[in-house]
Amino acid sequence: MAGEEDTHRNPETLTEEQAERMLAGMNEVIRAGEEMRKLRTEMIKLFAGFGWTQDRIAQLTDMSQPAVSKQVTKYRTGDPLPPTNLSLDQHDEPWLEGRLWGLAEEISEIFYDTARCTRYVHAIARGKKRFTPQNVDELRRLVEEDLMLHQAEMPGSYRNAYDQISRGLDIPSKVTTTTASASVRRALAHQIQRDRLRGDA
């Protein structure tokens, strides 16, 4: 028995379960980092399409000017992008998911200690939650709870935004007016939704 206790106290190797738990968190951070680098690269393409200078893009992305120049040159050899529509009123799924994410983040910041969606918003930001149908449904449920819980203190624009997003997600359009990826469209809608809510507050 003493020998067994020593083995438990001073194991010579990790179990597979221990290794899996340790690496799971690392893998999430690495995956999130790779996804964010890819998203930044796609955003450079978008910024170049807006006509922004390479120097300005380098400042915004915290990249060297030669690195930005390499990306911009690569994109300019392809077909020109159609204009990017930044209207909030769009109905494809990634755009609506981005709007939901932006709304949830605003609620989380305003009602940090009591918002039901706070942990979920943090998980999205860290790359631990992805925009699967199940996760989007869960985020919708949490936002609905927060809208009810904080109804008296929350501007009406939050409920109006959620109602528009919810109707759109129930019957999303498959048509977009841009070739931007789903992650780019989510990021754009997320920021535009937050800016709109702050402007309406």
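Read-outs throughout are calculated quantities, based only on the coordinates presented, and are distinct from any laboratory measurement. Quick caveat, the model's predicted, so the values are computed rather than measured. Please note: Cβ atoms are built from the backbone with ideal geometry, for glycine as well, and neighbour counts cover all protein chains shown.
Results, tabulated for the structure shown:
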quantity: Principal-axis tilt of helix 182-200 within the chain, Cα atoms, nearest 10 degrees; calculated: 70
quantity: Spacing of the two label points (7 Å from each Cα toward its C-beta) at R119 and T73, in nm; calculated: 5.0
quantity: Unit charges at the beta carbon, dipole of the chain: most positive-side option, Q65, P133, L23; calculated: Q65
quantity: N85 long-range amide H proximity, modeled H, under 5 Å; calculated: none
quantity: Angle in degrees between helix 156-170 and the longest Cα principal axis of the chain, rounded to the nearest 10; calculated: 80
quantity: Residue-span extension gain [M22 to Q59] - 0.36 nm each, minus C-alpha spacing; calculated: 9.7 nm
quantity: Gain upon complete extension [I171, F50; 0.36 nm per residue less C-alpha separation]; calculated: 40.5 nm
quantity: Amide proton proximity set for D92, modelled H, under 5 Å, gap of 5+; calculated: S173
quantity: FRET efficiency, 1/(1 + (r/R0)^6) with R0 35 Å, evaluated for I30 and D89 via beta carbons; calculated: 0.45
quantity: Count of Lys pairs (Cα-Cα under 15 Å; at least 8 positions apart or interchain) in the chain; calculated: 4
quantity: Karplus 3J(HN,Hα) series, Hz, for the range 55-65 with 6.51 cos²θ - 1.76 cosθ + 1.60 (x for Gly, Pro); calculated: 4, 5, 4, 4, 5, 5, 8, 6, 10, 6, 4
quantity: Tilt relative to the chain, helix 93-110 - C-alpha long axis, 0 to 90 degrees, to 10; calculated: 70
quantity: Gain in span if fully extended, S157 to T15, counting 0.36 nm per residue against the direct Cα distance; calculated: 46.0 nm
quantity: Among 131-138, 187-194, the order from most to least packed when residues are scored by Cβ within 10 Å on average; calculated: 187-194, 131-138
